[in-house]
Amino acid sequence: MRKPIEWLINAYQTNLFVAAFNICKNAEDAKDVVQDTFIAYHTSKQQFHDEQHIRAWLFRVAVNKAKDVNKSFWRRNKMPLEDYVEQLPFESKEDSTLFETVLGLPEKYRIVIHLFYYEDYSIREIAQILHISESNVKTRLSRGRKLLKDVLKEAWADDELRKN
């Protein structure tokens, strides 16, 4: 099964951009990753079982390409994250704050949390996308949640102290 590239762009461009941005922490790099991901799909001869298989493949390619961008020499010479975070669409200030907190996590936790909570992938699907075991995904989710809880609890306590 193959879907038309135009249809896939309309359906997944924003989600792939957010996932890539989560890893690259740079809007221009994330755009490049998304473009490269769709080019890889277009040039691929691979047949897919269904739309979920295509979606998982797209995310796997995007995650791998974003990781490659982070390893590049040019990546180390980009502008800071704060200059780009405001470009992402959020419904509320709390959503933006939570996303920024997730971006502060180590990459291995940040990726699984993003795929689980923002993209609604199951633990099994994340394991397949990242080529790791399901128990490893569960461990990373657990540790990532704990780190988020600690950071957010600390930020909340600081806000309470400032109010008093």
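The values are calculated or read from the model by the stated rules, or taken from the named source; none is laboratory data. Just so it is clear, the structure is predicted and the values come from calculations on it, not from any experiment. All Cβ positions, even for glycine, are placed from backbone atoms using ideal geometry, and neighbour counts span all protein chains on display. Surface accessibility is based on the protein's heavy atoms, side chains included, excluding ligands, DNA and RNA. Shrake-Rupley method; radii C 1.70, N 1.55, O 1.52, S 1.80 Å.
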Once phi is turned into θ = phi - 60°, what whole-Hz ³J(HN,Hα) does the Karplus curve with 6.51, -1.76 and 1.60 give for every residue of segment 41-55, x standing for Gly and Pro? 4, 4, 8, 6, 9, 5, 9, 10, 6, 7, 5, 4, 5, 4, 4
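Show me the trypsin sites (Lys or Arg not before Pro) within segment 1-62 that DSSP assigns to loop and that have at most 11 other Cβ atoms within 10 Å of their Cβ.
Working: sites: 2, 25, 31, 45, 55, 60; in loops: 2, 25, 45.
Those satisfying the criteria are 45.
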Which whole-number value in Å² is the accessible area per residue of segment 12-60, probe 1.4 Å? 44 Å²
Length gained, residue 107-residue 31, 0.36 nm per residue minus C-alpha separation, equals 25.5 nm
